[in-house]
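Here is the structure we will look at, set down as structure tokens.
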Amino acid sequence: MNDFVQDTEAAAGWWRCGDEELLDQIAVIEHESRRWHARMLSAVGELDRRGVAGGWGHRDTAALLHERLAITRADAKRRVQRAGQLVALPILGEAVEAGVLHPDQITAIVDTIARFPSWATEEDVESTQRILVRAAPSVDAVVIRGLGREILDRLDQDGPEPREAPLAQPRNELHFTVRRSGRVAFTGELDQESGALLTGALSSFSTPVNNDGEPDLRSPAERHGDAFADILKLVADGGSLPADGGQKPHLTVTISWANLRENAGRATLDNATLGLPTTLTAGQARRIACDAKVLPIVLGSRAEPLDVGRSTRTIPAAIRKAVVFRDGGCAFPSCPRPQHWTDVHHIRHWADGGPTALENLTLLCREHHTLVHHSRWKIVMDKGIPTFIPPSYIDPQMKPRTNPLRRYALIH
């Protein structure tokens with residue numbers, strides 16, 4: 001308790017700290033809070049193993065904690081469950097004990113492993129723990145969940161095939177009601193292909209930044225509603241949809257030529273709203289390819305597209321397609337935003353002699369594009385992969401980072 005009093009008194013002097021020193025202190029406090037969380041879970045696990053609650057007349061350990069700590073029953077139950085899960089997942093448990101993980105990150109990792117198929121091996125579980133724990137210091141729980149979905153897709157890429165009937169005639173529904181005021185309320189559901197077309201079209205009309213570069217003050221729901229109305233007007237007028245990030249809205253299905261030819265494995269369908277790929281079977285990809293333009297891209301050994309660049313400031317369509325294929329979305333280490341909300345960034349500025357070539361380009365969302373231009377973050381290419389060097393105030397060791405959500409992240 002005396003340490004707490006001393007720390008509280010010391011906190012009154014934060015104003016004496018320089019900016020970077022203050023940020024360092026906040027990082028230290030966060031680290032210590034995570035270690036105390038780990039100690040809490042360890043103690044709760046020991047209390048549960050002893051069976052103290054039953055001997056004292058309580059239904060279970062969670063009920064005892066509820067009364068003793070004045071926390072909700074749901075919170076108490078979560079703590080008991082988490083303590084048991086960390087015993088079953090020792091690699092995760094070690095990271096928690098070391099203060100590496102925030103509680104939300106722990107939940108994201110546990111939830112990922114809980115979704116593993118029954119035939120997953122111990123090696124699968126261990127390697128997944130290592131991958132997600134390794135990513136945790138530089139990304140939040142949202143990104144960890146996305147990386148977990150990518151791992152699951154790779155692990156179960158030949159999972160249960162959808163029945164052929166729904167594939168041949170996908171079910172689409174739209175329910176609407178015309179109100180007395182003339183306004184129309186509607187709900188509905190679309191198949192994967194139609195849904196991706198809709199989200200891609202909406203994205204082209206509803207970016208959160210206006211043409212003049214100022215933030216759009218409408219809510220996301222308002223932007224999407226206005227975008228949908230604009231699309232209806234265009235359809236009624238016989239017009240065409242505007243370009244989105246240098247391209248017309250379209251479906252992007254990615255699958256290897258071997259899998260497409262052999263009707264094996266899985267493909268990914270880019271989804272503008274989720275920011276993460278939706279998986280399709282090879283059969284679905286073949287059906288889409290029957291009525292589509294196919295863009296072949298030759299890949300290197302680490303799944304990076306080979307260079308198609310030339311020295312021009314304007315990004316040619318072929319080069320943009322290659323950058324989009326490689327990065328898949330904003331390449332900044334902690335960003336899940338999809339490619340529809342990104343710009344192509346010259347790593348070495350074109351005005352400084354940087355070429356418009358694949359090895360000098362990467363995708364950045366507006367927020368991180370601005371950050372890179374006005375902060376001490378640096379970008380380098382490491383074996384064809386955009387790699388970010390954080391400033392010392394983010395990471396004193398300035399360890400290089402990549403975005404674990406991007407398709408090159410799990411190439412071994």
For the range 30-101 and the range 388-406, distance of Cα centres in Å:
32 Å
Quick numbers on the range 27-89, Rg and Dmax over C-alpha atoms in Å, give 12.4, 42
At R0 = 51 Å, FRET efficiency that the Cβ-Cβ distance of Arg154 and Arg16 yields, to 0.05:
0.50
At 7 Å along the Cα-to-beta-carbon direction for both Ser33 and Glu67, put a label point, then send me their distance in nm to one decimal.
3.1 nm
With all protein chains modelled, accessible area of Asp60 [1.4 Å, Å²]
60 Å²
Could you rank Glu32, Glu359 by how accessible they are, 1.4 Å probe, largest area first?
Glu359, Glu32
With each label point set 7 Å from Cα along the Cα-Cβ vector, what nm distance links Thr121 and Ala318?
4.3 nm
Where the centroid of each part is defined by its Cα atoms, how far is the range 339-365 from the range 113-137 in Å?
34 Å
First select every other residue whose beta carbon is under 12 angstrom from the beta carbon of Pro396; then total the charges, Lys and Arg +1, Asp and Glu -1.
-3
Leaving out ligands and nucleic acids, and using a 1.4 Å probe, what accessible area per residue does the range 48-104 come to in Å²?
62 Å²
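The values are calculated or read from the model by the stated rules, or taken from the named source; none is laboratory data. All figures in this text were calculated on a predicted structure; none of them were measured in a lab. Counting neighbours? That spans all protein chains shown, and the Cβs are built from the backbone with ideal geometry, glycine included. Areas reflect the complete protein model, heavy atoms only, side chains present, ligands, DNA and RNA absent. Shrake-Rupley method; radii C 1.70, N 1.55, O 1.52, S 1.80 Å.
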